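What follows is one structure encoded as structure tokens, with my remarks underneath.
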């Protein structure tokens, strides 16, 4: 990485300052004056700090393990690609019923000769293009990339051919060879040579367990080449793993609430519904699909999953007029399931859509599409997915090896209860550590620091939970407030001041591209890129108003040094050596009809409002610390340590003109007093009245405390379900849907 020398020195000074502040906080007595002389001179502190930084950098961070910022931004996600927005199908497709939407999608898919659309051709009784299938099957002899995504399609093709033979023997032999040689779980021997295979997150698990079960059913008496197990033995193993995964979803919901990963869960679940011989598993899979559809109905706005995401990629939310954000991966499947989302005529190979459209066993209950349409204009919704670490034993989760998969599936391999078992299992099975534990730097920091302090890894992990527990996809208490002109959605009070990897905490949406959100890039920002992940704010939301506070505590010295070094490296532009700010707002000027800036009332004239209009929707974003435009979409603060934001939305229905909204915002009194952690905030909202909140105290609106969680599993006018219950009852007018995982009751009624 080429960095200007003056810039290097400047940022080294910042690192030294950070460590000095830390030292003064932790050991103030060593810096007290005695007889007019400092016990430790500033010069000595500076050289001691330099020595510590140098040693720590050499020991903890090997230079070759630090990817450049440019390379980080080029890395791809492991999921299959969805086409960019293309020409829409005819407008009539926006109003089709479920059956007609399915036929419309299949009509386009059968015209393609690529791999996944061959599912549609076979379902329609059209001879498939076999070379495309053979090419994919051949890849399973080399294992040069993540392949369970295509394995889902190969298995579906094999089962469709089983019902109505259409494939040549040569093609079926290639599919059989691929299924027999695949590695379905990490406990199997290591035929795989790829060092980046991932088996342990929520979406990977359901694909692998589903494929193992269905492959075992196809070849029950065959010996699988990699594992040495028979098909029957694979069925037994997969049945156990699937039962646990489906039970977790029934009880606590999802960890990866994601516009990307729901689209990967869906095809695996549909395969289970269609082909699993075990009727309990097939029925439960259908129930989980229903819950996904209900989630989509509650969070989709204007063609987008416009809400907080447990996992998200930068490219889905950041863009320019010439390089638009990538469309939501789940948009097409949402269109099939609920009528929301939309269909692009260029989309012919979405695996979730193909499985949904060729399923004779699964159909989304009509009540969910009804609710999706009823809530397009106005909706207020709360839900909860996932548990807190301290709740684990309440849900039967311990710290042993048999519990490890639960921790891994919620991205919590380094939380205190699981970290030592994680390290032991990884060593025992030769698993590449970074595929489970995340960035290698984090693992090295933890091991090094634990050794220095003379404590166990588990004990040290509990002392730095801002990092180790921060990566965990713990309970997400999500709030949605929707009007015809905007939607505000976010995670309430989630892991404030902790560092995460891919979590998208909040966003305000006026349309698909006119969206606003904030972020503080940190050590665990996903792949080091801008905007997604990093240090999480204290987010608090009430109807059309949200308040975000960014801050974090100082950590142990060795870790603070490592954080400072890594923070420096990921925030230096390799092209010119300049530092780009880590705390920023995404506010795409190009997506709005109007953008203006005004100085806020109060707060000593310090803060700035950026106000935007898209059609008849209005938004105002206030930044406490001074901020500047770095591009036509990035509004960044100069502060590298903390900031607070206020967002308020309005519309023509509430204010009439945009000028009237501007005037109301310009007169809104703001008071933000910097505290040791966060801010003490008082905001007089033109629409909601007096709002107060700080780092630890509740959000209060006009004297009433706002409910920021923990929430019920679902809480809106259509469903009230206690968290932890496995029985969901959804009602709307004369329709009802009962989903009971205990009794396997899945019943849709036209009348109650």
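The values are calculated or read from the model by the stated rules, or taken from the named source; none is laboratory data. Keep in mind the model is a prediction, meaning the values are calculated, not measured. Note that we place each Cβ from the backbone using ideal geometry, even for glycine, and neighbour counts take in every protein chain shown.
In the list 321, 366, 325, which residue meets the criterion of being outside the structural domain of residue 410 (by TED's automatic domain parsing) and over 25 Å from residue 109 (Cα atoms)?
321
Could you check residue 393 against (1) surrounded by 15 or more Cβ atoms within 10 Å (Cβ to Cβ); (2) part of a helix (DSSP H, G or I) and say which number it fails?
It fails just one condition, (1).
Could you list all residues from the stretch 715-728 that are touching a strand residue (DSSP E or B) at 6+ places or on another chain (Cβ under 6 Å) and crowded, with 16+ Cβ neighbours inside 10 Å?
Answer for the stretch 715-728, where residues must be touching a strand residue (DSSP E or B) at 6+ places or on another chain (Cβ under 6 Å) and crowded, with 16+ Cβ neighbours inside 10 Å: 715, 716, 718, 719, 721, 723, 728.
In the stretch 338-381, what count of residues is obtained for those that are in a helix (DSSP H, G or I) and without any contact (Cβ under 8 Å) to a residue 60 or more places away in the chain?
Matching residues across the stretch 338-381 total 2.
State whether one or more residues within the stretch 371-386 are within 26 Å of residue 109 (Cα to Cα) and either buried (at least 18 other Cβ atoms within 10 Å of the Cβ) or outside the structural domain of residue 252 (by TED's automatic domain parsing) (or both).
The answer is yes; a qualifying residue exists.
Residues being part of a loop (DSSP other than H, G, I, E, B), touching a strand residue (DSSP E or B) at 6+ places or on another chain (Cβ under 8 Å) and at pLDDT 95 or above: count how many of those fall in the stretch 469-492.
6
Report, by residue number, each residue of the stretch 497-544 that is over 20 Å from residue 302 (Cβ atoms), touching a residue at least 60 places away in the same chain (Cβ under 8 Å) and outside any loop (DSSP other than H, G, I, E, B).
Hits for the stretch 497-544 are 518, 519, 520, 526, 527, 528, 538, 540, 542.
Okay, residues lined up against (1) modelled with pLDDT of 85 or more; (2) farther than 26 Å from residue 489 by Cβ:
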{"site": "557", "(1), (2)": "no, yes"}
{"site": "561", "(1), (2)": "no, yes"}
{"site": "572", "(1), (2)": "no, yes"}
{"site": "579", "(1), (2)": "no, yes"}
{"site": "582", "(1), (2)": "yes, no"}
{"site": "589", "(1), (2)": "yes, no"}
{"site": "600", "(1), (2)": "no, no"}
{"site": "605", "(1), (2)": "no, yes"}
{"site": "608", "(1), (2)": "yes, no"}
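Yes or no, residue by residue, for (1) surrounded by 15 or more Cβ atoms within 10 Å (Cβ to Cβ); (2) assigned to a loop (DSSP other than H, G, I, E, B); (3) without any contact (Cβ under 8 Å) to a residue 24 or more places away in the chain; (4) touching a helix residue (DSSP H, G or I) at 6+ places or on another chain (Cβ under 7 Å):
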{"position": "663", "(1), (2), (3), (4)": "no, no, yes, no"}
{"position": "676", "(1), (2), (3), (4)": "no, yes, yes, no"}
{"position": "691", "(1), (2), (3), (4)": "yes, no, no, no"}
{"position": "695", "(1), (2), (3), (4)": "yes, yes, no, no"}
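May I ask you to verify whether residue 616 is in the same structural domain as residue 480 (by TED's automatic domain parsing) and over 24 Å from the mean Cα position of the chain (by Cα)?
Judged against the criteria, residue 616 is a match.
For the stretch 414-441, name all the residues that are in contact (Cβ under 8 Å) with a residue 24 or more places away in the chain and within 11 Å of residue 461 (Cα to Cα).
Result: 414, 415, 416, 417, 419, 420.
Of the residues 160, 214, 154, only one is assigned to a helix (DSSP H, G or I), within 15 Å of residue 241 (Cα to Cα) and either modelled with pLDDT of 95 or more or more than 33 Å from the chain's Cα centre (by Cα) (or both); which?
Being assigned to a helix (DSSP H, G or I), within 15 Å of residue 241 (Cα to Cα) and either modelled with pLDDT of 95 or more or more than 33 Å from the chain's Cα centre (by Cα) (or both) holds for just one of 160, 214, 154, which is 214.
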